[in-house]
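Below: the structure, in structure tokens.
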Amino acid sequence: MAQHQFQTEVSQLLHLIIHSLYSNREIFLRELISNASDALDKLKYLNVADDAYKSISFDPRIDLAFNKDAKTLTVKDNGIGMNEADLAESLGTIARSGTKAFLEKLGADAKKDSNLIGQFGVGFYSAFMVADRIEVISRKAGEEATWKWSSEGKDSYDIEKLEGESGRREQGTEVLLHLTEEGTEYANRWSIEDIIKRYSNHVAFPIYLTYDEKEYDNKGKEKSSKTKTDRINSGQAIWRRPKTELKEEDYNEFYKQLGHDTEAPLHYVHTKAEGTLEYSTLFYIPAKAPFDMYNVDYKPGVKLYVKRVFITDDDKELMPTYLRFVRGIIDSEDLPLNVSREILQQNKILLNIKNASVKKLLGEFKTMADNASASDKDREKWETFIKEFNRPLKEGLYQDYGSRDALQELVRFKSTAVEGWTSFADYVTRMKADQKNIYYITGGDEKTLRASPLLEAYKAKDIEVLIMDDEIDDIVIPALHSYRKELPGTDGKMETKSWDLKAVNRAGADEELGEKKDKQAEKEAKPVIEKIKKALGERVKDVKLSRRLHDSPSCIVADENDPSIQMAQMLKAMGQTDMPDIKPILEVNGEHPIVTALKDTEDESRIADVAGVLLDQALLVEGIKLKDPADFVQRLNRLLSG
Ligand code: ADP
Ligand code: MG
């Protein structure tokens, strides 16, 4: 027997599991069933696709058994199995960044809920919530030796080879749990059946439970005992069953296994295509965004099956990245069973299924949006969807040009005109008759944006501005350029209308603010503008008389083709070091007393102080960090002391 140390992260995880996880303990069974089902999927695939495994005759099944007196519970499958190296690798280390993320999440989660553990790729270890010793006995398909892994879930585990009689067994894995005092509640027929019904009823392989049926005499003494084995799940590939036979409950139960979740999904859509291509899809939208949605190495949520045989759950190409939160199954009748990954990438059939699925999903989202006003429940559903997934959908606006028309109807924004979320379509209906553009402001948090002096003239003219406080808006919206929509024209025929998207913090977005700058005012302001420009020198690209200011003395805007200053700062922070210094254009309010007071002074140091403060306060109010705050404070103090 050889003793091995757990990887440090695994020890930390186990410590936490054993000492802190109390709620939703029963999910350990879902996780073990999920592993058994994965193992069966893998062998089933090799069995049909790989000559080396074709001779294995195999009737896939999962078997549960318990012993109340010995306080044990076993979960057994006849799937792919593990050899010595697999055991050490799979049950001693963690391949993905799962543990760390899970530890962090739990650290922040007061409830210390174990529910999501499976999503982090560390589901097996959840069995230590209910067991103080676990043995895993396994024989890998096609190999001779049987191995036993055992551990008390502390710092180490043992692996030994089982010789003789105990080593002779069918391929597959048996997980034997020595239950803790609290864990003994699971050595019970009714609680096992209940948990399987709730989480694993629709696992596509039969699950059997072996139990003793005892009869008692009228004094309560055991009369006879019979060992029985019952099938306890309904276990068909749910996605292949007709929709009419399935209830919402069935779909939700299947999701809980598939998504390693205890919460019901927000939405599901089940499709069966018959025609040139034959396939079934079952997609779920979780109620909460997956924890790794913003990780580069996120785990894809869609599994590919061919004629009910599992092919892969690790192909990011099955869904566009912006739909990576979708969970579900694609099952094709037309693909060959021995598809290789490389072939999958360029496979026409799969591409067609993928495109149809994207279209279907975006259509579902649109229906969800359209239904939002139907009832409180529908509204909440849509709001949850937007709260969780607005951002990935915005990514789609520049990733998937072909779906642009659909996506631009789904994304939502905050606005100066209404509370809550609004859409481009709604904005357009509120537009002034002669308004040509859709206005938006980016570059900070909502509060900063709403307080920006750049909005003053739009407010005064009652022109709506979209408040785009999501970092991604700054990248996506300028790339979108315009919003377009098919609308009935004056002759009743449909025509495509288009509105330009204009950032109010850009030079050039003020054209619609009316009154062309009065030549006279321009002439009068000129000397003051020149003074300020001279004083600021290299700090600004230009100084101009503003038409968008009412109350504030100054504001900054970016040149039409420059990135905004906030954007430039963000790119720098992300490590883009070769960014040229973006200089702002300073706009001043010709009627503001601070500005008019400059007319009559030739005191250069005073002009420099006023100009410096006009620029710095305009930067500050946009949430931009000053390069030289001390200089700003000194100038301000000099001005205040007269
Ligand atoms: P995940 O299932 O997300 O990979 P787990 O912690 O549940 O994470 O399992 C870790 C790994 O252990 C699995 O990926 C698999 O390789 C292996 N494993 C666990 N249970 C079994 C089993 N019953 N049969 C074969 N391999 C298994
Ligand atoms: Mg697992």
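The values are calculated or read from the model by the stated rules, or taken from the named source; none is laboratory data. Since the model is a prediction, treat every value here as computed from it, not as a measurement. Virtual Cβ from ideal backbone geometry, glycine too; neighbours counted across all protein chains shown.
Run down LYS299, LYS247 and say which single residue is under 24 Å from the mean Cα position of the chain (by Cα) and of a type outside the set (Phe, Trp, Tyr). Please lay out each step first, then the result.
Working: LYS247 fails: under 24 Å from the mean Cα position of the chain (by Cα).
None of the others qualify; the one that does is LYS299.
Can you tell me which condition SER126 does not meet? The list is (1) under 21 Å from LEU16 (Cα atoms); (2) in a strand (DSSP E or B), and all the others hold.
(2)
Mind checking whether some residue in the range 46-54 is near ligand 1 (Cβ under 9 Å from one of its atoms) and in contact with a strand residue (DSSP E or B) (Cβ under 9 Å, 6 or more places away or on another chain)?
For the range 46-54, residues near ligand 1 (Cβ under 9 Å from one of its atoms) and in contact with a strand residue (DSSP E or B) (Cβ under 9 Å, 6 or more places away or on another chain): absent.
Residue by residue through the range 239-262, note down the ones that are touching a residue at least 40 places away in the same chain (Cβ under 8 Å) and either surrounded by 18 or more Cβ atoms within 10 Å (Cβ to Cβ) or within 13 Å of LEU116 (Cα to Cα) (or both).
Listed by number, the residues that qualify are TRP239, GLU253, PHE254, TYR255, LYS256, GLN257, LEU258, GLY259, HIS260, ASP261, THR262.
So if I check each of GLU160, GLU144, GLU165, which one is away from ligand 2 (no atom under 16 Å from the Cβ), assigned to a helix (DSSP H, G or I) and more than 17 Å from VAL75 (Cα to Cα)?
After ruling out the rest, the residue left standing is GLU165.
Okay, residues lined up against (1) in a helix (DSSP H, G or I); (2) crowded, with 20+ Cβ neighbours inside 10 Å; (3) within 16 Å of ligand 2 (Cβ to nearest atom); (4) of a type in the set (A, V, I, L, M):
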| position | (1), (2), (3), (4) |
| --- | --- |
| SER37 | yes, yes, yes, no |
| ALA52 | yes, no, no, yes |
| SER55 | no, no, no, no |
| PHE58 | no, no, no, no |
| LEU64 | no, yes, no, yes |
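Confirm whether TYR294 is crowded, with 17+ Cβ neighbours inside 10 Å and under 17 Å from the mean Cα position of the chain (by Cα).
It is false that TYR294 is crowded, with 17+ Cβ neighbours inside 10 Å and under 17 Å from the mean Cα position of the chain (by Cα).
Conditions (1) under 22 Å from GLU560 (Cα atoms); (2) assigned to a loop (DSSP other than H, G, I, E, B), marked per residue:
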position	(1), (2)
ASN390	no, no
GLU409	no, yes
TYR427	no, no
TYR439	yes, no
LEU449	yes, no
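Does LEU545 qualify as being aliphatic (A, V, I, L, M) and within 30 Å of LEU487 (Cα to Cα)? Let's see the steps before the verdict.
Working: aliphatic (A, V, I, L, M): yes; within 30 Å of LEU487 (Cα to Cα): no.
Against the criterion (aliphatic (A, V, I, L, M) and within 30 Å of LEU487 (Cα to Cα)), LEU545 does not qualify.
What number of residues within the range 494-548 are among the basic types (Lys, Arg), modelled with pLDDT of 90 or more and over 19 Å from HIS592 (Cβ atoms)?
Counting residues in the range 494-548 that are among the basic types (Lys, Arg), modelled with pLDDT of 90 or more and over 19 Å from HIS592 (Cβ atoms) gives 5.
Among the residues of the range 172-182, is there at least one that is closer than 19 Å to ASN67 by Cβ, without any contact (Cβ under 8 Å) to a residue 24 or more places away in the chain and of a type in the set (A, V, I, L, M, F, W, C)?
Checked the range 172-182: no residue is closer than 19 Å to ASN67 by Cβ, without any contact (Cβ under 8 Å) to a residue 24 or more places away in the chain and of a type in the set (A, V, I, L, M, F, W, C).
Being more than 10 Å from ligand 1 (Cβ to nearest atom) and touching a helix residue (DSSP H, G or I) at 6+ places or on another chain (Cβ under 8 Å) is the requirement here; does ASN67 meet it?
Numbers: more than 10 Å from ligand 1 (Cβ to nearest atom): yes; touching a helix residue (DSSP H, G or I) at 6+ places or on another chain (Cβ under 8 Å): no.
The answer is no for ASN67.
Would you point out which residue out of VAL476, VAL557 is buried (at least 16 other Cβ atoms within 10 Å of the Cβ) and either in contact with an Asp or Glu (Cβ under 6 Å, 6 or more places away or on another chain) or assigned to a strand (DSSP E or B) (or both)? Before you say what the answer is, go through the steps one by one.
Values: VAL476 fails: either in contact with an Asp or Glu (Cβ under 6 Å, 6 or more places away or on another chain) or assigned to a strand (DSSP E or B) (or both).
Sole residue among the options that is buried (at least 16 other Cβ atoms within 10 Å of the Cβ) and either in contact with an Asp or Glu (Cβ under 6 Å, 6 or more places away or on another chain) or assigned to a strand (DSSP E or B) (or both): VAL557.
Would you mind stating whether GLU538 is charged (D, E, K, R) and either on the phi > 0 side of the Ramachandran plot or loosely packed, with under 11 Cβ neighbours inside 10 Å (or both)?
yes
So, SER114, is that one among the hydroxyl-bearing types (Ser, Thr, Tyr) and more than 10 Å from ligand 1 (Cβ to nearest atom) or not?
Against the criterion (among the hydroxyl-bearing types (Ser, Thr, Tyr) and more than 10 Å from ligand 1 (Cβ to nearest atom)), SER114 qualifies.
Given (1) modelled with pLDDT of 90 or more; (2) away from ligand 2 (no atom under 16 Å from the Cβ); (3) small (Gly, Ala, Ser), identify the lone condition not met by GLY259.
Condition not satisfied by GLY259: (2).
Identify all residues within the range 410-430 that are without any contact (Cβ under 8 Å) to a residue 60 or more places away in the chain and more than 20 Å from LEU449 (Cβ to Cβ); write none if there are none.
If the condition is that a residue be without any contact (Cβ under 8 Å) to a residue 60 or more places away in the chain and more than 20 Å from LEU449 (Cβ to Cβ), then LEU410, THR429 are the ones that fit.
What do you reckon, is ALA127 at pLDDT 90 or above, within 11 Å of ligand 1 (Cβ to nearest atom) and within 19 Å of ASN24 (Cα to Cα)?
Considered against the rule, which asks whether it is at pLDDT 90 or above, within 11 Å of ligand 1 (Cβ to nearest atom) and within 19 Å of ASN24 (Cα to Cα), ALA127 comes out as yes.
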